Amino acid sequence: MQDQNKSCESCEQKNCSAEEKQKNESDLECEKRQKLASKLCKIKKKIIVLSGKGGVGKSTISANFAVALSLKGKITGLFDVDLHGPSIPGILGMKKVKIRMNQSSGEIIPPQVNSRLKVLSLGFLLESERDAIIWRGPMKYSAIRQLLEQTNWGELDFLVVDCHPGTGDESLSVIQLLGENSFAVVVTTPQSVATDDVRRSIEFCNELALPVVGLIENMSGCICPQCGKEIPLFGSGGGEKLAIEMDIPFLGRIPFKHDIVMSGDSGVPFVQNICGTKDELCCFEKIIDKFI
């Protein structure tokens with residue numbers, strides 16, 4: 001534990017829980033906990049993107065938010081912990097990227113989208129896009145912890161975490177492991193079948209004392225590419241109503257547009273593409289304003 005103790009002793013943070021060995025904790029457990037703490041203390045803020053429902057565009061929100069932060073000059077990391085459906089590599093045009101290791105330290109070197117954005121996804125570790133992850137809860141927890149312990153993020157202003165849908169093992173594990181300075185952004189679509197599940201995610205955050213920065217209503221109306229008319233495919237206003245009900249900020253709506261879909265499929269997030277209009281970007285501006 002000598003190297004890690006030096007890391008703790010050099011830290012400017014006082015009364016840190018990582019410094020002292022905990023009750024009934026073995027030396028090995030203490031060393032692993034301090035190793036993780038030494039990584040996380042270099043990250044100023046962690047933003048966990050959650051939804052109780054799959055298919056609401058959570059990964060699209062996560063990727064665009066991380067890119068938007070980096071374009072604002074913030075050193076940002078994007079961590080994809082959706083073990084069963086890692087979408088981030090496709091959205092960022094990184095499907096063929098593989099993880100590199102530092103041979104001397106054994107640390108993972110996260111690939112970079114630009115000079116200010118580092119990315120880590122389990123998709124980078126899979127041999128094929130067809131590979132399925134068939135793991136029970138303890139294995140998921142161990143994998144997420146190992147990735148956090150081994151990844152050399154360096155100094156970050158923000159770490160954006162794209163979580164698995166729902167309130168299961170992945171979400172619980174990452175919230176518990178990330179600890180302090182963590183915040184949630186919740187994503188929903190307008191219809192009640194989605195908002196009912198997302199309501200549970202907000203309660204999940206409340207139970208874990210994870211502050212919810214706000215809620216985004218994604219796919220809020222389909223914009224016809226021919227006439228420009230908005231068609232409420234999934235209804236309208238469900239996200240804003242849920243935000244009012246749960247007493248959390250409503251961050252805005254993102255429409256269901258063909259350009260946004262094509263942007264994600266092309267591997268170029270719409271916040272850095274010409275198809276990102278002022279109305280579409282307002283949600284990300286509102287979220288960023290909460291932190292910057």
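The values are calculated or read from the model by the stated rules, or taken from the named source; none is laboratory data. Please read all numbers here as calculations on a predicted model, not as lab measurements. Here the Cβ positions follow ideal geometry from the backbone for every residue, glycine too, while neighbour counts run over all protein chains shown.
Hey, does segment 102-119 have a residue that's among the small types (Gly, Ala, Ser), in a helix (DSSP H, G or I) and over 15 Å from the mean Cα position of the chain (by Cα)? No, segment 102-119 contains no residue that is among the small types (Gly, Ala, Ser), in a helix (DSSP H, G or I) and over 15 Å from the mean Cα position of the chain (by Cα). Being closer than 16 Å to Gly52 by Cβ and of a type in the set (S, T, N, Q) is not true of Ser142. All of Gly276, Gly214, Gly238 fail the test of being of a type in the set (Gly, Ala, Ser), at pLDDT 85 or above and more than 20 Å from the chain's Cα centre (by Cα), apart from Gly238.
Note on segment 89-103: residues that are closer than 18 Å to Leu148 by Cα and without any contact (Cβ under 8 Å) to a residue 24 or more places away in the chain total 3. Just so you know, in segment 130-150 the residues that are in contact with a helix residue (DSSP H, G or I) (Cβ under 7 Å, 6 or more places away or on another chain), touching a residue at least 60 places away in the same chain (Cβ under 8 Å) and not basic (Lys, Arg) include one that is nearest to Arg199 (Cα to Cα), and it is Ile144. Restricting Ile254, Ile175, Ile231, Ile223 to residues that are surrounded by 15 or more Cβ atoms within 10 Å (Cβ to Cβ), modelled with pLDDT under 95 and over 21 Å from Ile287 (Cα atoms) narrows the list to Ile223. For the condition in contact with a strand residue (DSSP E or B) (Cβ under 8 Å, 6 or more places away or on another chain), more than 26 Å from Gly214 (Cα to Cα) and surrounded by 18 or more Cβ atoms within 10 Å (Cβ to Cβ), Pro110 qualifies.
Is it the case that some residue within segment 235-245 is touching a Phe, Trp or Tyr at 6+ places or on another chain (Cβ under 6 Å) and assigned to a helix (DSSP H, G or I)?
yes
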